[in-house]
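Have a look at the structure below, then the notes.
The values are calculated or read from the model by the stated rules, or taken from the named source; none is laboratory data. Everything quoted here is computed from the prediction, not taken from an experiment. Here the Cβ positions follow ideal geometry from the backbone for every residue, glycine too, while neighbour counts run over all protein chains shown. Remember, those area values only see protein heavy atoms, side chains included, never the ligands or the DNA or RNA. Shrake-Rupley method; radii C 1.70, N 1.55, O 1.52, S 1.80 Å.
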Amino acid sequence: MVAPGPRRDLSNPGSREYRGKGARRATGPVVLPLAGCDLPVPDMPSGREWTEHERAMWAELWESGQATRWNDSFVPIVAMYVRITCDAFSGRVTSGLAAEARYYADHLGLSPAGLKTLGWEFERESDGMGELHTVPTAHSLDIDARRTRLTA
């Protein structure tokens with residue numbers, strides 16, 4: 001007879017199966033650096049010719065603060081995101097692929113919803129007077145203030 005192993009306890013924070021409300025917040029948010037990731041940018045996957053726009057986006061993503069939480073297993077996922085997103089910008093993507101790009105953005109922490117779900121936030125920046133300010137997320141800014149900033 002084989003022993004059943006540890007009992008799955010969904011209410012126990014020490015259990016691997018724990019999915020309780022606020023489980024991620026118990027240890028606090030993961031703070032991403034404003035300066036981004038200083039690790040070397042990995043090579044793009046082979047098998048196709050990458051455009052200059054795709055190469056630029058690839059480098060930008062791997063230099064972002066979110067990339068500090070990625071490892072080499074993220075290379076194919078980031079490549080798919082780059083490919084689909086660049087195709088979407090050129091109008092050559094189906095609604096299904098656009099939905100897939102949104103899914104990747106959330107799971108890579110590239111959207112406000114993804115940052116929240118993953119429990120990530122950007123580090124606070126100083127205003128030069130010793131006061132720290134949280135870097136605002138897209139949904140926390142007033143739309144008129146954003147328009148003013150972008151058109152100034």
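Under a 1.4 angstrom probe, counting protein chains only, how are THR85, THR94 ranked by accessible area, largest first?
On the way: THR85 15, THR94 85 Å².
Accessible-area ranking of THR85, THR94, largest first: THR94, THR85.
Roughly to the nearest percent, how much of the accessible area of the stretch 59-118 is carbon and sulfur, given a 1.4 Å probe? Mind showing how you got there, number by number?
Numbers: 1840 of 3300 Å².
Whole-percent figure for carbon plus sulfur exposure: 56.
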Would you tally the net charge around LEU97, using a Cβ to Cβ cut-off of less than 14 Å, leaving LEU97 out, and scoring K and R as +1, D and E as -1? +1
Between LEU32 and residues 5 or more places away or on another chain, the pairs with built amide H atoms under 5 Å apart involve GLU121, PHE122, GLU123
Pop the C-beta distance of ALA88 and LEU34 into the FRET formula with R0 = 22 Å and round what comes out to the nearest 0.05. 0.20
Using θ = phi - 60° and the Karplus form 6.51 cos²θ - 1.76 cosθ + 1.60, what ³J(HN,Hα) does each residue of the stretch 40-45 get, whole Hz, x for Gly and Pro? x, 6, x, 5, 6, x
